[in-house]
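To start, the structure under review is shown below, and the notes come after it.
The values are calculated or read from the model by the stated rules, or taken from the named source; none is laboratory data. Since the model is a prediction, treat every value here as computed from it, not as a measurement. Reconstructed Cβ throughout: ideal geometry from the backbone, glycine too, with neighbour counts over all protein chains shown.
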Amino acid sequence: MNHRVVITGMGLWSCLGTNLNDVRDALYSGKSGIIYSPERKDAGFRSALVGNVPPVDLKPYLHRKFRNTMPEAAQYAYMATLQALEQAHLDEDYLAQHEAGIIYGNDSVVESTMIGLDKFRAARDTVACGSGAIFQSMNSSVSMNLACLFHLRGINLTTSSACSSGSQSIGLAAMLISNGLQECVVCGGAEENNLFGIAAFDGIQAFSVREDDPARASRPFDRSRDGLVPSGGAATLILESYDHAVRRGATILAEVVGWGFSGNGDHISVPTVEGPARSLEHCLRNAGLQPRDIHYINAHATSTIIGDQREAQAIAQLFGDYRVPVTSTKSQTGHEMWMAGASEVIYSILMMKNGFIAGNINFEAPDDETACLNVIPETRETTFDTFLSNSFGFGGTNSTLIIKDIH
């Protein structure tokens, strides 16, 4: 990388909390954000488990004319971005006088699209869709709304790569900054948490049915895992060049030192070992690091049988006999889909800054394939300054980030 890339602000709207302090405490205590939803069971879902993401009330913040163009994911993203900009001390005046960009991960706007089209079909008149429907139904809705609301005049881009979308947004932003094309980029990921957005996902029987004990349903790497638990929300990070951050007196939280990516080029939903392994290898090479330089891995592991196995094998292939601590924060949050690659970077930074690794809750025993990993089942107080975060998605899209502390 030509220019160092640093993180100066973070914000979250998550089933673990809606501010950084609450999320930090939830991670440390091993709190689960998963609940049973009677609404989903009544609607015909095979699994009624879901992350308990608080709804957003934007009325105190935005006029109706602005709210009218914002789908659920954009509402979460707005609240997370407010927090991140505040922590980074990037106010309205600064953004009006300097060029900042946005690259945000999103891969669905199902509910708002459905509502608009239902109105049209019921009325047999396209006017019934409403004036904001087109802006709510576009996949770039999150990026376009945030860019307009926060007056971001640099790059304006949506990363749409399934469950690696949030991670890819960080990687692309870091690449632009590293190459001197931007000095500051707002990035992250958002996921709608309504039942319509993941109905088809439930239909392919990908979700856990451990409905009698929601908090124990998400079990990454555990031999009794029976599927993922869907969740959502938003996570925003502010990335800047090191020089830009120092010049304006920003507090630097961490540094993005490596990004790796790959495509499986194989089955649309069944992961491989080789694809994720190449993403890990590429990231380590890009960072100029060896496996033993990594002190913690926040795994993608979603609590599916084959997905967790393939990732475990990919990590073991790269890390060999080095028993790096591994956990998946999805054991607490469920799978936050398009936001996960961004939120899990924030979760890991919160751990790194506060001297602990959140336990992979519900991990009791590995299966034959996941036994190769050093999975940490309970919160461990420890210091570390470099971590790796994996994100893999449908279509065989893989992204890996390495983040380093700045003291």
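Can you run down the residue pairs with Cβ atoms below 8 Å, 6 or more apart or on separate chains, where the first is in the range 138-167 and of a type in the set (Val, Ile, Thr) and the partner is assigned to a loop (DSSP other than H, G, I, E, B)?
VAL142/PRO71; VAL142/ASN106; ILE155/LEU181; ILE155/GLN182; THR158/ASN106; THR158/ASN139; THR158/SER140; THR159/ASN106
For the range 341-359: of the residues being within 28 Å of THR159 (Cα to Cα) and among the polar types (S, T, N, Q), which is surrounded by the fewest Cβ atoms within 10 Å (Cβ to Cβ)?
Looking at residues that are within 28 Å of THR159 (Cα to Cα) and among the polar types (S, T, N, Q), I get SER348.
Pairs needed: first member in the range 209-230, surrounded by fewer than 22 Cβ atoms within 10 Å (Cβ to Cβ); second member anywhere, among the acidic types (Asp, Glu); C-beta distance under 8 Å; at least 6 residues apart or different chains.
VAL209/ASP226; ARG223/GLU364; ARG223/ASP367; SER224/GLU364
Test ASN374 against the criterion of being over 21 Å from the mean Cα position of the chain (by Cα), at pLDDT 95 or above and over 18 Å from SER29 (Cβ atoms), and give yes or no.
On the way: over 21 Å from the mean Cα position of the chain (by Cα): yes; at pLDDT 95 or above: yes; over 18 Å from SER29 (Cβ atoms): yes.
Yes, satisfied.
In the range 35-44, which residues are in contact with a helix residue (DSSP H, G or I) (Cβ under 9 Å, 6 or more places away or on another chain), touching a residue at least 12 places away in the same chain (Cβ under 8 Å) and either under 16 Å from MET339 (Cβ atoms) or surrounded by fewer than 15 Cβ atoms within 10 Å (Cβ to Cβ) (or both)?
ALA43
Give me the residue from the range 11-34 that is surrounded by fewer than 18 Cβ atoms within 10 Å (Cβ to Cβ) and in contact (Cβ under 8 Å) with a residue 60 or more places away in the chain and, out of that set, nearest to the chain's Cα centre (by Cα).
By that ranking, first place goes to ASN19.
Determine, yes or no, whether ASN362 is at pLDDT 95 or above, closer than 21 Å to LEU284 by Cα and buried (at least 17 other Cβ atoms within 10 Å of the Cβ). Before you say what the answer is, go through the steps one by one.
Details: at pLDDT 95 or above: yes; closer than 21 Å to LEU284 by Cα: no; buried (at least 17 other Cβ atoms within 10 Å of the Cβ): yes.
No: the conditions fail for ASN362.
Would the range 272-285 turn up any residue that is at pLDDT 95 or above, surrounded by 20 or more Cβ atoms within 10 Å (Cβ to Cβ) and in contact with a Cys (Cβ under 9 Å, 6 or more places away or on another chain)?
Within the range 272-285 (the criterion being at pLDDT 95 or above, surrounded by 20 or more Cβ atoms within 10 Å (Cβ to Cβ) and in contact with a Cys (Cβ under 9 Å, 6 or more places away or on another chain)), the answer is no, since none of the residues qualifies.
Identify the residue in the range 105-128 that is of a type outside the set (A, V, I, L, M) and within 30 Å of ILE155 (Cβ to Cβ) and, among all such residues, is farthest from the chain's Cα centre (by Cα).
Looking at the filtered set, the residue picked out is GLY116.
Can you give me the ranges of the strands (runs of 3 or more DSSP E) entirely in the range 1-80 with at least 1 residues that are of a type in the set (Gly, Ala, Ser) and out of contact with any Lys or Arg (no Cβ under 6 Å at 6 or more places or on another chain)?
The qualifying strands (runs of 3 or more DSSP E) are 5-13, 49-51.
Among the listed residues GLU99, GLU111, identify the single one that is of a type in the set (D, E, K, R), in the same structural domain as PRO54 (by TED's automatic domain parsing) and part of a helix (DSSP H, G or I). Please lay out each step first, then the result.
Details: GLU99 fails: part of a helix (DSSP H, G or I).
Residue meeting the stated conditions: GLU111.
Pull out all pairs, ordered by first then second residue, where Cβ-Cβ is under 7 Å, the residues are six or more apart or on different chains, the first lies in the range 45-74 and is within 23 Å of ASP22 (Cβ to Cβ) and in the same structural domain as VAL23 (by TED's automatic domain parsing), and the second is surrounded by fewer than 20 Cβ atoms within 10 Å (Cβ to Cβ) and small (Gly, Ala, Ser).
Final answer for the pair search is VAL50/SER37.
Please verify whether MET144 is touching a strand residue (DSSP E or B) at 6+ places or on another chain (Cβ under 9 Å) and surrounded by fewer than 24 Cβ atoms within 10 Å (Cβ to Cβ), treating the condition exactly as stated.
yes
Does GLU381 fit the bill of being over 18 Å from ALA316 (Cα atoms), of a type in the set (Asp, Glu) and surrounded by fewer than 24 Cβ atoms within 10 Å (Cβ to Cβ)? Steps first, please.
Values: over 18 Å from ALA316 (Cα atoms): yes; of a type in the set (Asp, Glu): yes; surrounded by fewer than 24 Cβ atoms within 10 Å (Cβ to Cβ): yes.
Yes; evaluated as a whole, the condition is true for this residue.
Determine which single condition LEU172 fails, assuming it passes every other condition in (1) over 13 Å from ILE102 (Cα atoms); (2) assigned to a helix (DSSP H, G or I); (3) touching a strand residue (DSSP E or B) at 6+ places or on another chain (Cβ under 7 Å).
Among (1) over 13 Å from ILE102 (Cα atoms); (2) assigned to a helix (DSSP H, G or I); (3) touching a strand residue (DSSP E or B) at 6+ places or on another chain (Cβ under 7 Å), the lone unmet condition for LEU172 is (1).
(1) more than 20 Å from GLN168 (Cα to Cα); (2) in contact with a strand residue (DSSP E or B) (Cβ under 9 Å, 6 or more places away or on another chain); (3) not in a loop (DSSP other than H, G, I, E, B): which one isn't true of SER391, the others all being true?
Checking SER391 against (1) more than 20 Å from GLN168 (Cα to Cα); (2) in contact with a strand residue (DSSP E or B) (Cβ under 9 Å, 6 or more places away or on another chain); (3) not in a loop (DSSP other than H, G, I, E, B), the one that fails is (1).
Condition (residue is more than 22 Å from the chain's Cα centre (by Cα), surrounded by 17 or more Cβ atoms within 10 Å (Cβ to Cβ) and modelled with pLDDT of 95 or more) applied to the range 51-59: is it met by at least one residue?
Checking the range 51-59: not a single residue is more than 22 Å from the chain's Cα centre (by Cα), surrounded by 17 or more Cβ atoms within 10 Å (Cβ to Cβ) and modelled with pLDDT of 95 or more.
Quick one: in the range 38-57, of everything that is touching a strand residue (DSSP E or B) at 6+ places or on another chain (Cβ under 8 Å) and of a type in the set (Gly, Ala, Ser), which residue is nearest to ALA215 (Cα to Cα)?
The extreme case among them is GLY51.
Evaluate the following for LEU90: is it in contact (Cβ under 8 Å) with a residue 60 or more places away in the chain, touching a helix residue (DSSP H, G or I) at 6+ places or on another chain (Cβ under 8 Å) and under 26 Å from LYS404 (Cβ atoms)?
no
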